[in-house]
Amino acid sequence: MKVLWITSVYPSPEQPGSGVFHETQVQMLARLGIEVTVICPVPRNPAVIRYMKKKYRALDNMPLRYVRKGITVYRPPYMAFPGQLRWVQPDQRIAAVVLKTIIEFNIEPDLIHAHFAMPSGGAARLVAQATSLPWLLTLHGSDVNVYPHYSNSAMKAFLQSVKGANHVVSVGRNLQVTAKAMSGRDSSFLPIGIDLSRFKEPKQFKLEIRKQLALPLDKKLVLFIGRLIETKGVFELAKALEELPAEVAAVYVGDGPAYGKLKSHPELNKRLFLIGQVENERVKDYLAASDIFVLPSYREGMPTVVIEALALKVPVICTRVGDVPELFGEHGKLLIEPQSVEDLVAGIQEYLYGNVNLKKIGYELRSRVQEHYDASKNADELVALYQKVLKGNQLLSKSK
């Protein structure tokens, strides 16, 4: 079976941490004999905008085609504008470069799998119409909880994508319910999950891993991994650090707009460390080196990095958002409220100095991850959905 993935995020040499959860699922599908080709269009702003701001030039040198871990990835550029999902949908522009890539490189998929209702879902809908291919859409979180609510045109684009797909998948139960309420369309629940074989408890001691990563040996490390933006709660963590004992340090792994402001923190390289973006293979090392993993986001779908931390039995402090409560189950009381420095401080202190049975909680949450978020098992289910979509399309074609 040949499947074309259309997505707005996928790892590249320039951005190795972008969309790693997609790569995990693609690799699992490849192990099952599915031939996956990825088209991940690159937004290219007008020359005058790229000249004015460096961040808009970040992807200028992205190769059109590369092979990563045996998967062929295409990155055709399309004309984009800052904040476009708020006021104008790029569906047609993205669809045009996807179709051009399909023709130019003679890509012949059996079906299309789009990720995120917008913009990829909108583009996939148009590509499917032009090629008469069936398509499946996966909803991830922001494409349901955030972007559709920007404007009437954004909501229209969301509804067209969800209603136009042959089948819809949601990565979380809460997301599934929300999408149904917004669109009236049912979806299957199927988390992407993680490769559990990569997230086993390390044989090395924590201090040995810290030495290799050049992290402090005499601190209790609170780790954040993700895009450095305000809505991830990165500033709340920085403020919380100021209220915690001197032996507590915060380590940020990732990059983003908040990097500059965090860099001006008075405790930089003393109690606050900015690592930058790292390859996905190194994420588990930073998790294993930490005492607590923190993700104080204002909103989330189902954050893969939290699943990875729990798989390693690393204590996690996370906000009560999206599908995170579902992941924690009976341990939902451990979650905190978003935008609350007070809750964050209290949670860190309780984990580090309280009477929480971290060993018992770690074992139970890892068991939950093994049961529901094993990427290899979930890939089997996804292949079954692919077959269902193909069979349904064939029956539809015969009836016409």
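The table below gives the values:
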quantity: Tally of residues being surrounded by 24 or more Cβ atoms within 10 Å (Cβ to Cβ) and assigned to a loop (DSSP other than H, G, I, E, B) across the range 141-173; calculated: 3
quantity: Matching entry among K180, K69 (being surrounded by fewer than 19 Cβ atoms within 10 Å (Cβ to Cβ) and free of Cβ contacts under 8 Å to residues at least 40 places away in the same chain); calculated: K180
quantity: Residue that is farthest from Y150 (Cα to Cα) [pool: residues in the range 72-104 that are of a type in the set (V, I, T) and surrounded by 15 or more Cβ atoms within 10 Å (Cβ to Cβ)]; calculated: T72
quantity: Residue match in the range 193-216 (condition: more than 30 Å from R271 (Cα to Cα) and either of a type in the set (F, W, Y) or more than 21 Å from the chain's Cα centre (by Cα) (or both)); calculated: no
quantity: Condition check for D186: surrounded by fewer than 14 Cβ atoms within 10 Å (Cβ to Cβ), in a loop (DSSP other than H, G, I, E, B) and at pLDDT 95 or above; calculated: yes
quantity: Hey, L395 out of contact with any Lys or Arg (no Cβ under 9 Å at 6 or more places or on another chain), of a type in the set (A, V, I, L, M, F, W, C), exposed (fewer than 12 other Cβ atoms within 10 Å of the Cβ) and at pLDDT below 90 or not; calculated: yes
quantity: Segments classed as helices (runs of 4 or more DSSP H), wholly inside the range 207-313, with at least 1 members that are modelled with pLDDT under 90; calculated: 280-289, 304-311
quantity: Residues of the range 1-38 satisfying the condition of being within 25 Å of P77 (Cβ to Cβ) and among the β-branched types (V, I, T); calculated: V3, I6, T7, V9, V20, V26, V36, T37, V38
quantity: Unmet criterion (only one of (1) surrounded by fewer than 14 Cβ atoms within 10 Å (Cβ to Cβ); (2) part of a loop (DSSP other than H, G, I, E, B)) for P109; calculated: (1)
quantity: Residue match in the range 192-206 (condition: on the phi > 0 side of the Ramachandran plot and crowded, with 23+ Cβ neighbours inside 10 Å); calculated: yes
quantity: Among (1) surrounded by fewer than 20 Cβ atoms within 10 Å (Cβ to Cβ); (2) of a type outside the set (S, T, Y); (3) part of a strand (DSSP E or B) - the single one P325 does not satisfy; calculated: (3)
quantity: So K206, is it of a type in the set (D, E, K, R), farther than 16 Å from D291 by Cα and out of contact with any Asp or Glu (no Cβ under 7 Å at 6 or more places or on another chain); calculated: no
quantity: Near pairs, Cβ below 6 angstrom, 6+ apart or cross-chain, from the range 147-174 (without any contact (Cβ under 8 Å) to a residue 40 or more places away in the chain) to any residue that is crowded, with 20+ Cβ neighbours inside 10 Å and assigned to a loop (DSSP other than H, G, I, E, B); calculated: V168/S187; S170/S187
quantity: Qualifying residue in the range 372-390 (condition: touching a Lys or Arg at 6+ places or on another chain (Cβ under 6 Å), part of a loop (DSSP other than H, G, I, E, B) and touching a residue at least 24 places away in the same chain (Cβ under 8 Å)); calculated: no
quantity: Criterion violated by L207 - all others in (1) under 19 Å from V26 (Cα atoms); (2) in contact with a Leu (Cβ under 6 Å, 6 or more places away or on another chain); (3) not charged (D, E, K, R) satisfied; calculated: (1)
quantity: Any chance K69 is outside the structural domain of I229 (by TED's automatic domain parsing) and at pLDDT below 90; calculated: no
quantity: Check on F21, modelled with pLDDT of 95 or more and of a type in the set (A, V, I, L, M, F, W, C); calculated: no
quantity: Unmet criterion (only one of (1) farther than 27 Å from T24 by Cβ; (2) surrounded by 19 or more Cβ atoms within 10 Å (Cβ to Cβ); (3) of a type in the set (S, T, N, Q)) for S120; calculated: (1)
quantity: Among residues of the range 332-363, those that are part of a helix (DSSP H, G or I) and surrounded by fewer than 15 Cβ atoms within 10 Å (Cβ to Cβ), counted; calculated: 8
quantity: Condition broken by I317, with the remaining ones in (1) within 25 Å of the chain's Cα centre (by Cα); (2) buried (at least 20 other Cβ atoms within 10 Å of the Cβ); (3) part of a helix (DSSP H, G or I) satisfied; calculated: (3)
quantity: Test for L213: is it surrounded by 14 or more Cβ atoms within 10 Å (Cβ to Cβ) and aliphatic (A, V, I, L, M); calculated: yes
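The values are calculated or read from the model by the stated rules, or taken from the named source; none is laboratory data. This one's a predicted model, so the numbers in the text were calculated from it and none came from an experiment. Cβ sites come from the backbone with ideal geometry, for glycine too, and all protein chains shown count toward neighbours.
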